[in-house]
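Take a look at the structure below.
The values are calculated or read from the model by the stated rules, or taken from the named source; none is laboratory data. Everything quoted here is computed from the prediction, not taken from an experiment. Cβ placement follows ideal geometry from the backbone for every residue including glycine, while neighbour counts extend to all protein chains displayed. Accessible surface is based on the protein model in full, side chains and every heavy atom, while ligands, DNA and RNA are left aside. Shrake-Rupley method; radii C 1.70, N 1.55, O 1.52, S 1.80 Å.
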Amino acid sequence: MAQLLRADLLPEAWIAPPAVRQLRAMLRHRAQLVRLRTLLRNRIHAVLADHGHGRPGGCWSGPGREWLASLELPAVSREVIQDALALIDALQQPIDRLDWEVHQHAKADPRVKVLTQLPGVGPFTALVLLAEIGDIGRFGSARKLASWAGLTPTVRGSDRTVRHGHISKQGSVWARWVLCEAAQTAKRHPDFAASYQAIARRRGKKIATTAIARKLATRAYHLLTDAASDGAPH
């Protein structure tokens, strides 16, 4: 071990400072609450579908709530919907509070403005990337960042044969998730649409979307590296 350390052959583990860890916790908490709200909304839609009801305009505004209340439903189905609505309403206050906190953090960090130049990347997505990545200087290249986010293909080789598989899905689950979410919008942007369509024709839409997520990671790396060299805080 001492010899490896002397030769600088032991990889270093980066430990995020307390402020970054707290930002991560806040952003992950907000994402989990929104996922829970989506789960409850989907549950309501499933109950309505079971009884042949559907409302394209949505069920969460005032008119939508009135429409839900007017439906003739069995007692248990009505109970499921009312309980789900009560939980959705209870979630709204903490989500609103967290959205305000996200807004305050986004205003205070100039790197957020840098990242929101990317298609599909808003303040929340930018903050998640910043919190998960931490110091961009710990990545020597855009490929290393993409590999850390689990967006590079696995490689298996024997003798002279090399096979590339699916993405590794190792590294930061949250960075990979938020990049793939951003890719859902970015794939329709003129900067990425042609590339997405070409890959989708060859390998399918899911792989094409993942490829756009990797392109976003590459661009994010270069934007953050340039920002760091210009003196932006990190």
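Checking the stated criteria, ALA49 turns out not to satisfy the condition of being under 27 Å from GLY137 (Cα atoms), modelled with pLDDT of 85 or more and among the aliphatic types (A, V, I, L, M).
Residue by residue, here is whether (1) surrounded by fewer than 20 Cβ atoms within 10 Å (Cβ to Cβ); (2) at pLDDT 95 or above; (3) over 16 Å from HIS222 (Cα atoms) holds:
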residue	(1), (2), (3)
ILE133	no, no, no
ARG138	yes, no, no
SER147	yes, no, no
THR161	yes, no, yes
SER168	yes, no, yes
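Is there any pair linking a residue in region 145-158 that is of a type in the set (A, V, I, L, M) to one that is modelled with pLDDT under 75, with Cβ under 7 Å and at least six apart or on different chains, and which? Correct list of pairs: ALA149/GLY171; LEU151/ILE167; VAL155/VAL162; VAL155/HIS164.
So, in region 149-159, of the ones that are over 14 Å from THR218 (Cβ atoms) and either small (Gly, Ala, Ser) or in a strand (DSSP E or B) (or both), which residue ends up modelled with the highest pLDDT?
Among them, the one singled out is GLY150.
If we scan region 192-213, do we find a residue that is charged (D, E, K, R), surrounded by 15 or more Cβ atoms within 10 Å (Cβ to Cβ) and within 20 Å of the chain's Cα centre (by Cα)? Looking for residues that are charged (D, E, K, R), surrounded by 15 or more Cβ atoms within 10 Å (Cβ to Cβ) and within 20 Å of the chain's Cα centre (by Cα), one finds none in region 192-213, hence no. Inclusion of ARG97 among residues that are open to solvent by 70 Å² or more (accessible area, probe 1.4 Å), under 22 Å from ALA131 (Cβ atoms) and part of a helix (DSSP H, G or I) is warranted.
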